[in-house]
1. Nearest 5 is fine: what % of DSSP beta bridges in the chain come out antiparallel, could you say?
2. Counting only C-alpha contacts under 8 Å and six or more residues apart, can you give the relative contact order of the chain as a whole percent?
3. The list (i) 1.26; (ii) 1.04; (iii) 0.94 gives values of Rg/Rh (Cα atoms, Kirkwood Rh), and only one came from this structure; which label was calculated from it?
4. What number comes out for the charge environment of Arg185, summing +1 per Lys or Arg and -1 per Asp or Glu over other residues with Cβ under 13 Å away?
5. Could you tell me whether segment 243-367 comes out rounded, prolate or oblate from its Cα gyration tensor? Rule is a ≥ b ≥ c as square roots of the eigenvalues, rounded for a/c under 1.5, then prolate if a/b exceeds b/c, otherwise oblate.
6. Leaving out ligands, DNA and RNA but keeping every protein chain, what accessible area does Asp203 have, in Å² rounded to the nearest 10, with a 1.4 Å probe?
7. Residue by residue through segment 209-225, which ³J(HN,Hα) values in whole Hz follow from phi under the Karplus form 6.51 cos²θ - 1.76 cosθ + 1.60 (θ = phi - 60°), with glycine and proline marked x?
8. Helix 234-249 sits at what angle to the longest principal axis of the chain, using alpha carbons and giving 0 to 90 degrees rounded to 10?
Amino acid sequence: MSGFDLIRLALRALTMHRLRTLLTALGTGVGVAAVVLLTSIGEGMYDFIEHEATRFGTHFLVINPGKNETFGGPPGMNSNTVRPLTLDDALAIRRLDSVVAVAPAVMGMAEVEQQGVKRNVTVLGTGPELPEIFSFDIASGRFLPHEDMLSARPLAVLGSKLKNELFGASNALGAHIRVSGQRFRVIGVLADAGTTVGFDLNDIVYVPVKHAMELYNVLGLQEIDVRYREDRPAAEVEGDITRLLTARHGSEDFEITTQDQMLSIMGTILGTLTAAVAALGGISLLVGGVGIFTIMTISIQERIFEIGLLRSLGARRREVRRLFLAEALALGAAGGLLGLVLGQLAAWLLAALAPAIPVSVSLPYTAAALLIAVLIGILAGVAPAVRAARMNPVLALRAE
């Protein structure tokens, strides 16, 4: 029996029971669709986070105060201390040849008031080079001026949303606002920066870091943001900063995170989650495999006479086995293709109805789901095909 005859007989057997074939394929298709949709959400989340992490600039790293250092002392005395990052540390880092810009950061919430209008907003204490690190645009005025950060004047730059809520259509430049009771003069308004990871960048007031430290009564910085030269590898810059701060602090009591490390960590987390949800979708594929096994078993029971007739006409056992395996493979492939269509349609509908949910179809997972559907179809058809091939042709003909 030629391969063409096998395919023709297998397709004929499936088309004789169209509804049953469709429902069986649908069982596998639901599994494939689930894998496509769930992994599309996972891939969409990764693309979204990667875009958010790079849209404000590249070649930057973040330094945070880190390790607790314990020193000897009399029993009962609390000897654990955390070495803070200081403005002097930020200035020393800025003098490195590999560094382009540095922005110390202290952040918190505070009440901002302007002529009776009050808002509780995020206050970010920073330095004049912040726009160079995160590629912020200025809509009007200017950002914090380059002056000694230890004696900076009480100046403020407003996010676009905060400006509109405090001043409306009026000009904010030169006006005064109060932040936790302290008076600041507005010298600039940022252009619309949107949101990042749920954080509204337009609802922030930017002040010199020294004043933010006074507002929140802190002695150290929460972090130092650094932009480095594009011709320098991140590892080299990280090494330069590590040696500098270790020499200043006497120990490596800080943590440096590069942009590549941030993306790698998020990629690992989201990759694990995507694989997990793909495994959940794979359970539906197994259920579809059980459906194919059941239908193939029923089909063989219904076609005992046909099997006997094929064997009596000279068909060998392996040809009968191949015939039913071809039917199972066709069911798995049909279910896989149906699932691809359903999964793509579901992903498109989700993107259209819920634009806030990022969706990006993953070709590797989609191809894997299709291959697994075909494989499950073959495996589900093995036992019924072997049973059909082992039938005694004489007894099979008597079954009619």
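1. Percent antiparallel among DSSP bridges in the chain is about 80.
2. 30 percent
3. Checked against the structure: label (i).
4. +4
5. On the way: a/c = 4.99, a/b = 2.77, b/c = 1.80.
Verdict is prolate for segment 243-367.
6. Approximately 20 Å² of Asp203 is accessible to the 1.4 Å probe.
7. Using θ = phi - 60°, the values come out as 4, 4, 6, 5, 5, 6, 4, 9, 6, 10, 9, x, 8, 6, 6, 10, 8 Hz.
8. 40 degrees
The values are calculated or read from the model by the stated rules, or taken from the named source; none is laboratory data. Treat the numbers as computed from the prediction; the structure is a model and nothing was measured. Because the Cβ atoms are built from the backbone with ideal geometry, glycine has one as well, and the counts that use them run over all protein chains shown. Side chains included, ligands, DNA and RNA excluded: accessible areas come from the protein's heavy atoms. Shrake-Rupley method; radii C 1.70, N 1.55, O 1.52, S 1.80 Å.
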